[in-house]
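The values are calculated or read from the model by the stated rules, or taken from the named source; none is laboratory data. This is a predicted model, so every value here is computed, not measured. Don't worry about glycine lacking a Cβ; one is built from the backbone with ideal geometry, like all the others, and counts go over all protein chains shown. Side chains included, ligands, DNA and RNA excluded: accessible areas come from the protein's heavy atoms. Shrake-Rupley method; radii C 1.70, N 1.55, O 1.52, S 1.80 Å.
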Amino acid sequence: MLGQEFMRNALLAGTCVALACGVSGWFAVLRGQMFAGDALGHVAFPGALAAAAAGVDQRIGLLTATVAVGIALGALAYAPRARGAGAPSSASGAGDAAIGTAFTFVLGLGVFFLARLGASSQAGSGLQGARTLFGSIFGLGAGEARLTAAAALGATLLVLAIARPLLFASVAPEVAAARGVRVRVLGVAFLGLLGVIAAGATQAVGALLLLGLLAAPAASAHRLAARPFAGIALAGALAVACTWAGLALAFAIPSLPPSSAIIALAVALHALTRWLR
Amino acid sequence: MRTELAGPTASWNLASDLSQLLEYHFMVNALLAGSVAAVTAGLLGWLMLVRHETFAGHTLAVMAFPGASGAALLGAPAAAGYYAFCGAGALALGSSTQARQGSFRQRSAWIGSVQALALAAGFLFVSAYGGVLGDLEGLLFGNLLGIADGQLVALAALAALTLALLLAIGRPLLFASIDPDAASARGVPVRALASAFLLLLGIAVGSISQITGVLLVFSLLVAPAASAQALTPRPVLSLALTVVLGLLVVWLGLGIAYFSVYPPGFFVASVSFAIYVLARASAALLPRRASDEGDERTLDVQPDELVA
């Protein structure tokens, strides 16, 4: 299996993206920001289409869209009107409504760009759309795989670098703010980093995989480990394990798409931990 | 459809624009179906926001993707796939309905997992079907301009059924949504109501998304209700405003789309977003009553009023 070059590329990119998703997903679950993570995965698609319509490299459009939306959501989540008592405000309906309305609009823009592109190359843009939404991890070139891996690892290290204050700010925002932790800046920085990870993940494995790898391994880790740093490590490890097993499964069964296999395993794990505890 | 319409031009005479637009049967069907969808989705969406179930609503809308692709794979009618997956999704989400603060995180993660699994299943069906995601735009934004009379009747019948059921459980549901602890202390079956609401939402989303697509149904669920709730905390007024804004979104979106070369989905989503931004901006700018300051609750309802 490792003799195939496409498999080595898939493993390299998949491992790094899974690690990034597992670690940042642990914080996303803790902060109740799963919907924001979902929205980031969705806006990658219009971002790539907009870049294609403008004739720019799609990766730039994708990264710009996810990071910009991440920062906007981070800023919006702590807008005075939506601030909740204690809980991060995306727990409140106002935050979720704003996220939902905004990303539907951005997806509407995606269809607008699709219609613009469609005049020239209907089949090409549809195919690209499918690839953006669902990824094609087995189709990664060596250069793409290395770039994705580097971006994902970099974002993971940055999340880990702010892990301690971010944890404080997520668990007890008011106490953290009183102690001089910059709660709001941390929230924006976290969603910005999540945007970088979303862009990397979408490029390599599709928006589909992003949500599953953010939610399922991290939620399992939250159920299994009570101590924060053990939970973060476990979330990363579970995400990587699901990715490896899913890739091996998809390699063995050619008709099974790798992203479907990875998600099915991760969600099965989540369902199992829910049932056990 | 577009080609025979090459170049409808808008003039400043709105009456002649409107009569030009209503000459086409497909436009009349689109307006009627859009109106039914806007009213149903608006009212359900209003409750969805009160219950903080936005992410669940989005997930139910996404269920249409495996529904459509699974039905195509099996050769079954698409409608059967939509209802099967939206219903199954509602049951899966309903398996974790606690209103406790601590379990909110786990619930949101579970919704994410369910949605990811639905997408993964849909992708599996699509690749088993032949690897071509045929009509991506149709799936996402529907085909509002190509609605047959039969579809319109089916949509209206299901909408009437959904709204009748919603009316039947409306009062205890609102009580359970606003103050779950007090409601369960008074013997209201909070968990059963939560599952029932998700099932109603799933069925409505399944029927509406067949014509509006996966994303547009969500836009109609969230934007009008969120705008109305930003504008007024009075429940009856904001419900009425939700319906009015929903109809406005659909009519404006379809009207603009008729005179444009771009798809109606884009305009409906844009008008929704514009109305929402305006509503939030005016809510932020207008002076609010002192009692609203720092109040997390978006509705001005005393739970006691709801006890019959």
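Can you name the residue in segment A:227-239 that is within 13 Å of another protein chain (Cβ to nearest Cβ) and of a type in the set (A, V, I, L, M, F, W, C) and is also farthest from the chain's Cα centre (by Cα) among such residues?
Step by step, filter segment A:227-239, then rank; the result is A:L238.
Contact list please: Cβ distance under 7 Å, first residue in segment A:255-277 and within 7 Å of chain B (Cβ to nearest Cβ), second residue of a type in the set (V, I, T), pairs at least six apart or on different chains.
A:S259/A:I137; A:S259/A:V205
Out of (1) open to solvent by 30 Å² or more (accessible area, probe 1.4 Å); (2) touching a Pro at 6+ places or on another chain (Cβ under 9 Å); (3) in contact (Cβ under 8 Å) with a residue 24 or more places away in the chain; (4) not acidic (D, E), what's the single condition that is false for B:L158?
So the condition that B:L158 fails would be (2).
Starting from residues that are modelled with pLDDT of 90 or more and within 15 Å of the chain's Cα centre (by Cα), keep the ones in segment B:249-265 and report whichever is surrounded by the fewest Cβ atoms within 10 Å (Cβ to Cβ).
Only one residue tops the list, namely B:V249.
Here are some conditions: (1) part of a helix (DSSP H, G or I); (2) more than 23 Å from A:V106 (Cβ to Cβ). B:A225 meets all but one. Which one does it not meet?
Among (1) part of a helix (DSSP H, G or I); (2) more than 23 Å from A:V106 (Cβ to Cβ), the lone unmet condition for B:A225 is (2).
Every residue, every condition in (1) open to solvent by 10 Å² or more (accessible area, probe 1.4 Å); (2) in contact with a helix residue (DSSP H, G or I) (Cβ under 7 Å, 6 or more places away or on another chain); (3) within 14 Å of chain B (Cβ to nearest Cβ), yes or no:
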| position | (1), (2), (3) |
| --- | --- |
| A:L12 | yes, yes, no |
| A:G41 | no, yes, yes |
| A:A50 | yes, yes, yes |
| A:V69 | yes, yes, yes |
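Can you tell me which residues in segment A:174-200 are touching a residue at least 60 places away in the same chain (Cβ under 8 Å) and over 19 Å from A:I60 (Cα atoms)?
A:E174, A:V183, A:R184, A:G187, A:V188, A:A189, A:F190
In contact (Cβ under 8 Å) with a residue 40 or more places away in the chain and either at the interface with chain A (Cβ under 10 Å from one of its Cβ atoms) or buried (at least 23 other Cβ atoms within 10 Å of the Cβ) (or both), is that true of B:V243?
For B:V243, the condition - in contact (Cβ under 8 Å) with a residue 40 or more places away in the chain and either at the interface with chain A (Cβ under 10 Å from one of its Cβ atoms) or buried (at least 23 other Cβ atoms within 10 Å of the Cβ) (or both) - is not met.
Taking segment A:208-246 on its own, how many of its residues are surrounded by fewer than 24 Cβ atoms within 10 Å (Cβ to Cβ) and part of a helix (DSSP H, G or I)?
14
Restricting attention to segment B:137-151, does a residue exist that is crowded, with 24+ Cβ neighbours inside 10 Å, under 18 Å from B:V243 (Cα atoms) and either touching a Leu at 6+ places or on another chain (Cβ under 8 Å) or modelled with pLDDT of 90 or more (or both)?
no
Quick check on my filter: what residues within segment B:266-288 are more than 9 Å from chain A (Cβ to nearest Cβ), open to solvent by 70 Å² or more (accessible area, probe 1.4 Å) and in a helix (DSSP H, G or I)?
Passing the criteria: B:L278, B:L285.
Would you be able to say whether some residue in segment B:229-236 is part of a helix (DSSP H, G or I), more than 10 Å from chain A (Cβ to nearest Cβ) and buried (at least 24 other Cβ atoms within 10 Å of the Cβ)?
No: zero hits.
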